[in-house]
Structure formats: structure tokens, C-alpha cells
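Chemist: Before we start, here is the structure in question, set down as C-alpha cells.
The values are calculated or read from the model by the stated rules, or taken from the named source; none is laboratory data. Everything numeric here is computed off the predicted structure, so don't read it as measured data. Here the Cβ positions follow ideal geometry from the backbone for every residue, glycine too, while neighbour counts run over all protein chains shown.
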């Protein structure tokens, strides 16, 4: 039994909310054969030795090419889901906010798996998040951004 009251592996992950100068958020579209497409923030699983902040810094660089300090954690979610590899997990996801002046990113650091499943990226207006026709995770992303407007 884990700290969340179930027997699933706890997957520690850092998620980075990347915002541009006009408050748009960068999201990546995942396309998998066994489920509908969905959009998520940059980020991923912490290595065993990493803090959430260290993982945020590493994942930000790998997925976007951006070098930045993730600052303080602004939110936490603990969803249960099935990873892209097919493993049912209990997530412990910590969120960080990064503000950028350029919307240019590099996906050169993506792993082979990421290259296959992360099919697109896009800058979303906050108003688009609520009625986007595909799932956006976390479902509370717009609220997290609104609550942390003053951060960084």
C-alpha cells in the first residue's frame, strides 16, 4: 500500500507551465494508438535521485530547449492514470511556472518515445483550455495559471 491508499507505483513527476509574454501556455499533444489524443504541459518523471525542482529543470531543457530555473512549486496533482508505456500508476505531479519572451522551442532533446507520441506542440490562449475538443491535463490548468499570475 502506498501513501495514497492503493498498490500502484507512485510516479513522481515535475510538470512545467511555460507561459509566453501574452499569457499563452505551451502544451504538447500526445497521440497514442490505444486512446484519444490529449494535451499536457512539458515535464516528466523524476529520476530516482532527483528532486522535483531538478527534474523540472532537466525536463524543461529536454522537451523545449529552454534553460531556466523552475522557481517554487505552484501546484500539486495526484491523478491515477495509465502511462504511455501502458503502466497503471499513481502520480504525484508538482507544477512549476516558467515565463519566456520567445515562443521558439527545440524538441531536439526528445527521446525516441517522445518523438513517436508527442506529435505536436502549440501555444494555447487560456480561454481555449476550457472548451478544447481534446483532453487537456491537468484539467485545472487554467485555474492554476490564474492563481499564479504574479509568479516569476
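Chemist: Of all residues in region 36-45, how many are over 18 Å from residue 102 (Cα atoms) and either modelled with pLDDT under 95 or within 12 Å of the chain's Cα centre (by Cα) (or both)?
Modeler: Qualifying residue count for the region: 6.
Chemist: Among (1) farther than 22 Å from residue 75 by Cα; (2) more than 14 Å from the chain's Cα centre (by Cα); (3) without any contact (Cβ under 8 Å) to a residue 60 or more places away in the chain, which single condition is residue 103 missing?
Modeler: With respect to (1) farther than 22 Å from residue 75 by Cα; (2) more than 14 Å from the chain's Cα centre (by Cα); (3) without any contact (Cβ under 8 Å) to a residue 60 or more places away in the chain, residue 103 is out only on (3).
Chemist: Filter region 96-115 for residues that are surrounded by 13 or more Cβ atoms within 10 Å (Cβ to Cβ) and closer than 18 Å to residue 32 by Cα and give the result.
Modeler: If the condition is that a residue be surrounded by 13 or more Cβ atoms within 10 Å (Cβ to Cβ) and closer than 18 Å to residue 32 by Cα, then 110, 114 are the ones that fit.
Chemist: Using the structure shown, decide if residue 143 is loosely packed, with under 12 Cβ neighbours inside 10 Å and not in a strand (DSSP E or B).
Modeler: On the way: loosely packed, with under 12 Cβ neighbours inside 10 Å: no; not in a strand (DSSP E or B): yes.
Judged against the criteria, residue 143 is not a match.
Yes/no matrix, rows are residues, columns are (1) modelled with pLDDT of 95 or more; (2) farther than 24 Å from residue 117 by Cβ; (3) surrounded by fewer than 15 Cβ atoms within 10 Å (Cβ to Cβ):
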site	(1), (2), (3)
9	yes, no, yes
29	yes, no, no
49	yes, yes, yes
53	yes, yes, no
64	yes, no, no
69	no, yes, yes
76	yes, yes, yes
89	yes, no, no
